[in-house]
Amino acid sequence: MDKYTLKTVFQKSFLGLIWRIEADTANGVLAIETRNRDQGTPSFSVVDYTTGVSLIHEIPYGDRHWTLAGIIEGKLIVRAFGTDSPDHPGIACLDAFTGNLLWEQFNYTLLGIANRQLIVRHRSFAAGYEQYLAPSDGNLTQFNISIDKPIGSAVVLPRTYTADVPTFLKNYAVYGDIFYCQVGSKHIWAFHEKDGQAFRVRLVVSSGRAILADVVVLANLVKMTPEVFFMIDQLLFIISDNKQEIVSYLV
């Protein structure tokens, strides 16, 4: 039997700070919003997370009051937000493969995304009166209850492990909480360790009582990070401490 190894799928670096990530798991892509360190203006990227291929990379749109809302069928949806409120008129759509602006709609506030439609409210109303926009062209449409394509896998966040620590982890100098999730027969453990005056994050993959992999995935941390990783199917994603890099591993 071949020896198990934790394989790196991709490693992506960005000029801006990673601010927000949305997944379209039905189509295997991540939409990533990054922000300029000085002005706070957003740029948008799309990565095929199954291969690591960048579809678009840090395409700018809008001022600092625009943010990523989601990605649907190759359409990257961004929305405006107010200075004092998340609700503000302004929705735009970028092509996830070219970065080209497909449409803008400034008469509606985006309330949410469901069933591959945009739930909106006209700027004339403060509450109620929900309507629906089609991501393809930004025009009003009827609510569609049919789903022609599978929604895709869920994005999984690890939970804090509260049971007795397994024997095979007791030799590690765990500092703080242990984060845990299970993928098939494999168990994923992540925790901080002290490294002098700094911290590091260690990732351990086990099956039964056997450790399959053990690797430090983040090092030289000034402080502990509350969001250690997230997973989609068997892919594990980690954002670097400087918020300018994302790394994916096949577990």
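Worth a mention:
- In straight-distance terms, cross-link reach from LYS75 covers every one of the aspartates and glutamates whose alpha-carbon lies under 19 Å from its own, apart from those fewer than eight places away in the same chain; here that gives GLU22, ASP24, GLU33, ASP48, GLU58, ASP95, GLU104, ASP137, ASP148.
- Residue with peak Gaussian network fluctuation, the chain [Cα springs, cutoff 10 Å], from ARG79, ARG116, ARG37: ARG37
- Neighbour net charge for VAL251 - beta-carbon separation under 10 angstrom, K R +1, D E -1: +1
- In order along region 85-98, the Karplus-derived 3J(HN,Hα) couplings, from 6.51 cos²θ - 1.76 cosθ + 1.60 at θ = phi - 60°, round to 8, x, 8, 7, x, x, 9, 9, 9, 10, 6, 5, 9, 10 Hz, and Gly and Pro are given as x.
- Residues of the chain: accessible area per residue with a 1.4 Å probe, Å²: 53 Å²
- Oblate is the label for region 14-128, because the ratio a/c of its alpha-carbon gyration tensor axes (a ≥ b ≥ c) is 1.5 or higher and a/b is not greater than b/c.
- Shape call, region 110-217: gyration tensor on alpha carbons, a/c limit 1.5: prolate
- Cross-link table LYS223/LYS243; LYS194/LYS243; LYS12/LYS243, entries beyond 23 Å C-alpha to C-alpha: none
- Relative intensity, log₁₀ I(q)/I(0), of the chain from a Debye sum that treats every alpha carbon as a point, q = 0.07, 0.16 Å⁻¹: -0.29, -1.17
- Carbon and sulfur %, accessible surface of the chain computed with the full protein complex present, 1.4 Å: 49 percent
- Net charge of neighbours whose Cβ lies under 15 Å from the Cβ of ILE211, counting Lys and Arg as +1 and Asp and Glu as -1: +4
- Cα-based radius of gyration of region 159-228 once divided by 2.2 N^0.38 Å, which approximates compact folds: 1.07
- Cα gyration tensor, region 83-140 - rounded (a/c under 1.5), prolate or oblate: prolate
- Contact order normalised by residue count of region 1-105, Cα under 8 Å, 6+ apart, percent: 18 percent
- Charge sum, other residues only, whose C-beta stays under 12 Å from THR67's C-beta, Lys/Arg counted +1 and Asp/Glu -1: +1
- Accessible area of ASP177 in the full protein assembly, 1.4 Å probe (Å², nearest 10): 80 Å²
The values are calculated or read from the model by the stated rules, or taken from the named source; none is laboratory data. Note that the structure is a prediction, hence the values are computed from the model and not measured. Neighbour counts run over all protein chains shown; Cβ positions are idealised from the backbone, glycine included. With ligands, DNA and RNA removed, areas are computed over all heavy atoms of the protein, side chains included. Shrake-Rupley method; radii C 1.70, N 1.55, O 1.52, S 1.80 Å.
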